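Each reported figure results from applying straightforward, stated rules to the coordinates on display, with no laboratory input. Model, not experiment: these values are computed from the prediction. Here Cβ is always computed from backbone atoms with ideal geometry, including for glycine, and neighbour counts include all displayed protein chains.
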Amino acid sequence: MLPQTSEAIMTKDIYQRITDTIVAQLEAGVRPWHKPWSAEHAAGRIVRPLRANGVPYRGINILMLWAEAVEKGFSAPMWLTFKQAQELGGHVRKGEHGSLVVYAGSIQRTETIEATGEELERNIPFLKGYTVFNVAQVEGLPEGYYQPAAPMGEPLPRIAHAEAFFAATRADIRHGGDRAYYSGGTDHIQMPPYEAFREAEAYYATLAHESVHWTKPKHRLDRDLGRKRRGHEGYAREELVAELGAAFLCADLDLAPQLREEHAAYIAGWLEVLKNDKRAIFEAASHAQRAADFLHGFSSVAEQQLAAE
């Protein structure tokens, strides 16, 4: 066995460092993907973190930067590297500490089998960390970079763009009863009546959670994370994917999610998974991002069809 390279060791350290951060927050009773919507956040809500070019971050980087924004009190969603700040005419203030984000990629390497001399091409994944700064840590940028996320207004009886988003999926959404769940046997989403929710955002956040579950069958994303019954590891992993996916969708749809009562019971299961597998939060964020992208795809198709008509 070849010795580990410094790059491989660094990659492991990044996985462990981020997982340790998430575990510490969960043990403190804080879910970093929901914390940005608390009253403590200056803007009252937060959008996805944005790169210097305005493109939103994806996957695990969303969680990492949301957590950083809450911990350090940042209300603007924009993040830049040291070099990007300089290129825009600004400079990072002395004494400021940056935040970690990661880039996942792969390299192709040719290996020779000693016994036969045969050469094999291997695709080796890697994870690279780099540092970014919130615009609140940077001076001298153009004024537009310092805008915080806009405060939320009063919720409407129905939120039109959220209605259109979920309608575009053409999922079988049924209403009745007092439970929200996805039924794999009948491939439908069951929701309590809209009027049963105290706020419009709570309804759509719950529907987002169940819609992520709706993406898992073989004829959609084919996501099988293990045994499905409550208390099993696979159950906890799937619920974590749905939790993160719903948070991503709520950010995209400008909704403030409400915590569901049963979510408190999930934390113990999530902690067990994360402590046993430092890559679990990365995999959950990746699955959640795929689910969010899949659901967004229905709206894109609907918009194209409408434009064609």
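The table below lists the values:
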item	result
Percentage relative contact order, region 160-308, counting C-alpha pairs under 8 Å, at least six apart	23
Region 86-149: trypsin sites (Lys or Arg not before Pro) in DSSP coil with no more than 11 other Cβ atoms inside 10 Å	94
Global form of region 154-201, assessed from the alpha-carbon gyration tensor, a/c cut-off 1.5	oblate
With eigenvalues of the C-alpha gyration tensor scaled by 5 and rooted, region 81-231, Å	41, 35, 13
Expected-Rg normalisation [2.2 N^0.38 Å, Cα atoms] applied to region 6-146	1.31
Per-residue HN-Hα couplings for region 284-291 [Karplus 6.51, -1.76, 1.60; θ = phi - 60°; Hz; x = Gly/Pro]	5, 5, 5, 4, 5, 5, 4, 5
Inter-site label distance for residue 110 and residue 271 at 7 Å from Cα along Cβ, in nm	5.2
Pairs from 94/278; 218/278; 83/275; 94/128; 72/216 whose Cα-Cα separation, in the structure shown, is over 31 Å	94/278; 83/275; 72/216
Local electrostatic count at residue 241 - Lys and Arg +1, Asp and Glu -1, tallied over other residues with Cβ under 12 Å	-1
Potential lengthening between residue 103 and residue 124 on full extension [0.36 nm per residue; Cα-Cα distance subtracted]	6.2 nm
Region 6-146: relative contact order as a whole-number percent, Cα under 8 Å and 6+ apart	23
Pairwise FRET efficiency - residue 186 versus residue 96, Cβ, R0 = 45 Å, nearest 0.05	0.25
